[in-house]
Amino acid sequence: MADLATLAVIVLYFVVLIGIGSWASKKIKNTEDYIVAGRSLGFWVFTILIVCSICSGMSLLGVSGFGYTSGWPGIWEQIFVPLAASFCIIFFGVKLHTLGRERGYMTIQDYLADRFESPREVRALAAVSGIVVSLIYLVGQYAAISIVLVWLFAIPHWQALLISGVIITAYTVVGGLYAVSWTGLFQGGILIFGVLLMAPSVIASAGGLAHINTVLAGIDPNFVEPWFPSPAYAPYAYTTPEFLVSFGILLIVGLACAPHVVSNVLAVKEARYFKWAPLVAFLIYAVVMFLVKFTGFAVRSLVEEGTLVLPDAVNAQDFAFIAGVEHAMPNVALWALFAVIVLAAVMSTTDRLMLTVGTSFAWDVYKNILRPSATDREVLLVSKVTIILGAGGTLLLAINPPEMLAWLIWMGIGVMLATFAVPLLAGLYWRGATGEGAIASMVVGLVASAAFGYWHQFVAPLPMHFSIYALVCSVLTIIVVSLLSTRNSETALNNTRTGWFIQSPGQPSRKTSPGDAWRVDRDSPRRQ
């Protein structure tokens, strides 16, 4: 049980978050302020927001747990995930930021509806799919938060979930993206500082990397190889060469196109930030997460040598970082700092996911489909109610934590990859992609990911991540259906700057009012 000083540190952290939310609420004048922070995010706020949106419950607990169970063959994750931030900024950021300002996009669904000339069907399907995958992802985030609070305060799992859910929901509801982005900057700073402070101590307490590698090799010689041989010979040896190919696509592209990540590019103040943001985001995430992975190696070494014992739990490996810090830094005051670090990592993604759920329903479903006459005030209210309901539902689902946190996070990313990657990339870069093709690819991707995921989990393990099979189905679907359907109008393609380029050579679109621009030319005749 934490002492009074530790409790005070945690409470202070939560108070700061609520304070930021309260401050941010004063900046909310309309829906644009709430959803895209008035398109005012500066370089560091945006860059850290991208990192924090990707940094999740897996980033400390899951990454160290993955390192604990898989050794060096899992190190590729620390290359793939930082590349997701760079991929998002480069391939989505430049185009979508420009289009967002010109045509007033508030959400990625605004873009998809405009590009595919489908103000109802594509928008509704993309919004519902985004809500579903965000809710799946949220369950993993709450499970991670609970692990920390249960360890620190020795309270029941449900109480930990309730406390974390109330705090995050409160500042997200009142402050929108302003609150999420500025709390993200605060939490990102804590995360970077904390990992740089604590991870080296845990690694040193295990005897350094050379000794750790010797111990790992004694468990299984393949623990110190770049990958496990194929086919997998043990449950932990799934990171084979073929799996790593699918793993790279899953993390780089799947995370980059996730609604709660890619939508951040619409809130950037200036396009020039995209020049250095990909490199800065990659370096920040890579350095921090390599240290976290090495911590997982260190704890496995300590456990094998009998120095440490992990809790008797189905997800024991997810306690690796916690146990390592407790061993290497026995000062209780530092435990409070560590708890804040982990909470910062998890909550910085959780709040963005919650906001994505709320805005996707309120703006895309309620405002643009169910009730076009809804006022800004009404849309904001619906968004806040949706956030509260979504938080409550995912908290209930998180009561029974997964056996391995990383797997739940990967499942959510896999559904995102199969559902969003193809229509988004095809919409931006292939002029032949049609609305019918986009709808079909999203439906097929969502259904196929569920089918292949079920097969892998309950029938027979697949050699590659289940999402890669669903992705192939989605790609084939959009190609075939687009070739068989009527091409979108040249006006729509030109207005959305569709083509094989990242930065358009020109073709400026006229400025339109926020939220209304996607309707421009929606009824224009398609080329027959």
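Length, then width, then depth: along the principal axes, the Cα atoms of the stretch 1-117 run 54, 43, 24 Å.
Summarise the accessible area of the stretch 1-119 (1.4 Å probe, protein heavy atoms) by the percent that is carbon and sulfur. Mind dumping the intermediate values first?
On the way: 2320 of 3170 Å².
Carbon plus sulfur share of accessible area: 73 percent.
Of the Cα atoms belonging to the chain, the radius of gyration and Dmax stand at 22.6, 73 Å.
Candidate membrane-span-like segments in the chain, meaning DSSP H helices with Cα atoms spread over at least 18 Å of their own axis and a Kyte-Doolittle mean of -0.5 or above, are 4-25, 121-153, 157-205, 277-304, 332-359, 376-397, 435-454, 466-484, with no membrane implied. Modelled label positions at residue 377 and residue 472, each set 7 Å beyond Cα in the direction of Cβ, lie 5.5 nm from each other. Taking 273, 137, 469 and ordering them by how much accessible surface each has at a 1.4 Å probe, largest first, produces 469, 273, 137. If you sort 185, 380 by accessible surface, 1.4 Å probe, largest first, the order is 185, 380.
Carbon-plus-sulfur accessible fraction, the stretch 171-238 (probe radius 1.4 Å, protein heavy atoms only): 73%. With contributions of -39500 (n - 2.57) from each DSSP H run of at least four residues, the per-residue ellipticity at 222 nm computed over the chain stands at -21000 deg cm²/dmol. In straight-distance terms, cross-link reach from residue 27 covers every one of the aspartates and glutamates whose alpha-carbon lies under 16 Å from its own, apart from those fewer than eight places away in the same chain; here that gives 376.
Which lysines, on any chain, are close to residue 29 with Cα under 28 Å apart, when same-chain ones fewer than 8 places away are left out? In chain and number order, the partners are 95, 269, 367, 384, 511. The residues of the stretch 1-139 present an accessible area of 27 Å² per residue when probed at 1.4 Å with all protein chains retained. Taking each residue as 0.36 nm, the span from residue 276 to residue 501 lengthens on full extension beyond its C-alpha to C-alpha distance by 79.1 nm.
Roughly how many percent of the accessible protein surface of the stretch 351-492 is carbon and sulfur, given a 1.4 Å probe and a whole-percent answer? The value for the stretch 351-492 is 73 percent carbon and sulfur by accessible area.
Can you tally the net charge around residue 501? Count Lys and Arg as +1, Asp and Glu as -1, for every other residue whose Cβ sits under 13 Å from the Cβ of residue 501.
Working: positive: 95, 431, 497; negative: none.
So the environment of residue 501 carries a net charge of +3.
What area, in nm² and to one decimal, does the C-alpha convex hull of the stretch 209-309 cast on average over all directions?
Values: hull surface 36.0 nm².
If I average the Cα hull's projected area over directions, I get 9.0 nm².
Here, the stretch 147-229 is characterised by an Rg to Rh ratio of 1.17, where Rg is the alpha-carbon radius of gyration and Rh the Kirkwood radius. If you sort the three axes of the alpha carbon gyration tensor as a ≥ b ≥ c, you get a/c of 1.5 or more for the stretch 434-502 and a/b above b/c, which makes it prolate.
Quick check: with the 1.4 Å probe, what order do 223, 87 take by accessible area, largest first?
Numbers: 223 0, 87 40 Å².
Highest to lowest solvent-accessible surface, that is 87, 223.
Return an integer: the convex hull volume of the alpha-carbon atoms of the stretch 412-474, in Å³ per residue. Mind dumping the intermediate values first?
Numbers: hull volume 4.3 nm³, N = 63.
Taking only Cα atoms, the stretch 412-474 has a hull volume of 68 Å³ per residue.
For residue 489, the residues whose modelled amide H falls within less than 5 Å of its own, excluding neighbours fewer than 5 places apart on the same chain, are 527.
Could you report the stretch 152-198's accessible area per residue, 1.4 Å probe, as an integer in Å²?
Numbers: 1550 Å² over 47 residues.
Normalised by residue count, the accessible surface of the stretch 152-198 is 33 Å².
What per residue convex hull volume, in Å³, comes out for the stretch 88-193 when only alpha-carbon positions are used? That works out to 141 Å³ per residue.
The values are calculated or read from the model by the stated rules, or taken from the named source; none is laboratory data. Bear in mind the structure is a predicted one, so any value in this text is a computation, not a measurement. Note: ideal-geometry Cβ built from the backbone for every residue, glycine included; neighbour counts use all protein chains shown. We work out accessible area using only protein heavy atoms, side chains counted, and drop any ligands, DNA or RNA first. Shrake-Rupley method; radii C 1.70, N 1.55, O 1.52, S 1.80 Å.
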